[in-house]
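The values are calculated or read from the model by the stated rules, or taken from the named source; none is laboratory data. Predicted model, so just to flag it, every value in this text is computed and none were measured. A quick note on method: Cβ atoms are made from the backbone with ideal geometry, for glycine too, and the neighbour counts reach across all protein chains shown.
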């Protein structure tokens, strides 16, 4: 598993049919953090699922990066709220 | 095999123009896309249907074929049979190439008409996939089973994995087991396994996070005069001192007798005991007399 701690941007782009410029843009939008080592660009494996999700939204739904950023924020908020709902529900049981 | 009405899936009429179809598809795809509907299997199912409908109606050739096919649907099974050999070939092709989220298992209906999806000239969207699919699973446990940290072997998609279930896990909580999802593509990493815990409380305690709550009956005499009682905690009985003149509804805290704190070994929440003072019933005449005496003492005070 350690093998995949970092993913080479170039390799990722080839696998997903996107340009490295697109990935740079994601970086500039603050969506995916890309860093450089020995002139090679990488991003963290932790962000792989997110990167793939962005590409799906981008290519399946034609959503631009501004839109994706908004969706991403809202989904995070929903996730947070769902956690809160679960906690509140559990609390409510005490009084049932 | 059931006939599928792709027009109604997209909510359009048979006379819809190609641009109407495109519009309807896009609108529905945005609504049901699995990435904007996380953990919603119903949305995922819908999304697949919409895509299938779009593959058929969004392509002029396919649409024509579908419209004709719909007419003599009675012969569908014969056509299906004729397709079978071809299909099997394509299936084996597919299984090597498709995994992960993008895989769209099209319906039998679709496959009988158009063969496997790889045969038709579809919109040409990339089917590339790198990381494997994430799996979701639900594990139902009893409250007493999450009181202690323990290991458990689960079977997920035919594979056995051994996981540690930390004490104090919350109802509805999800944990991620890295690398136990679907296989990755072209040397990519595996997806993750997400286990959501559904915890049934079969105990006499109510739980709020790490704290436990219980209401117990207290007889009038112990409440008035004080004394010692035995109470059940989650891990056995303890002796509890009751103060004299304890009121009904009094709540006492038993420190660290609650539920284990998640991922903090040796830390426990508190147990709160609420007293419900029971007034004696079926009094004998002697007892009644004594109560009357008590009452008159109180009145003359």
request  = Go through the stretch A:1-45 and give me each residue that's within 12 Å of chain B (Cβ to nearest Cβ), exposed (fewer than 14 other Cβ atoms within 10 Å of the Cβ) and in contact with a strand residue (DSSP E or B) (Cβ under 8 Å, 6 or more places away or on another chain).
outcome  = A:5, A:8
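Which is buried (at least 16 other Cβ atoms within 10 Å of the Cβ), at the interface with another protein chain (Cβ under 10 Å from one of its Cβ atoms) and part of a loop (DSSP other than H, G, I, E, B), of A:63, A:68?
Working: A:68 fails: part of a loop (DSSP other than H, G, I, E, B).
Only one candidate passes the filter, namely A:63.
Matching residues to (1) under 23 Å from residue A:48 (Cα atoms); (2) more than 8 Å from chain A (Cβ to nearest Cβ); (3) buried (at least 17 other Cβ atoms within 10 Å of the Cβ):
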| position | (1), (2), (3) |
| --- | --- |
| B:167 | no, yes, yes |
| B:172 | no, no, no |
| B:176 | yes, yes, no |
| B:180 | yes, yes, yes |
| B:184 | yes, yes, yes |
| B:189 | yes, no, yes |
| B:195 | yes, yes, yes |
| B:198 | no, yes, no |
| B:203 | no, yes, no |
task = Collect the residues in the stretch B:136-165 that are surrounded by fewer than 18 Cβ atoms within 10 Å (Cβ to Cβ), within 14 Å of chain A (Cβ to nearest Cβ) and either under 30 Å from residue A:14 (Cα atoms) or modelled with pLDDT of 90 or more (or both), keeping them in residue-number order.
result = B:136, B:143
query = Which of the residues belonging to the stretch B:244-255 are surrounded by 14 or more Cβ atoms within 10 Å (Cβ to Cβ), out of contact with any helix residue (DSSP H, G or I) (no Cβ under 6 Å at 6 or more places or on another chain) and in a loop (DSSP other than H, G, I, E, B)?
reply = B:250
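Okay, residues lined up against (1) exposed (fewer than 10 other Cβ atoms within 10 Å of the Cβ); (2) assigned to a helix (DSSP H, G or I):
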site: B:263; (1), (2): no, no
site: B:266; (1), (2): yes, no
site: B:272; (1), (2): no, no
site: B:280; (1), (2): no, no
site: B:286; (1), (2): yes, yes
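Identify, from the list B:291, B:205, the residue that is within 24 Å of residue A:95 (Cα to Cα) and either touching a strand residue (DSSP E or B) at 6+ places or on another chain (Cβ under 8 Å) or modelled with pLDDT of 90 or more (or both).
Working: B:291 fails: within 24 Å of residue A:95 (Cα to Cα).
B:205 is the lone residue from the list that is within 24 Å of residue A:95 (Cα to Cα) and either touching a strand residue (DSSP E or B) at 6+ places or on another chain (Cβ under 8 Å) or modelled with pLDDT of 90 or more (or both).
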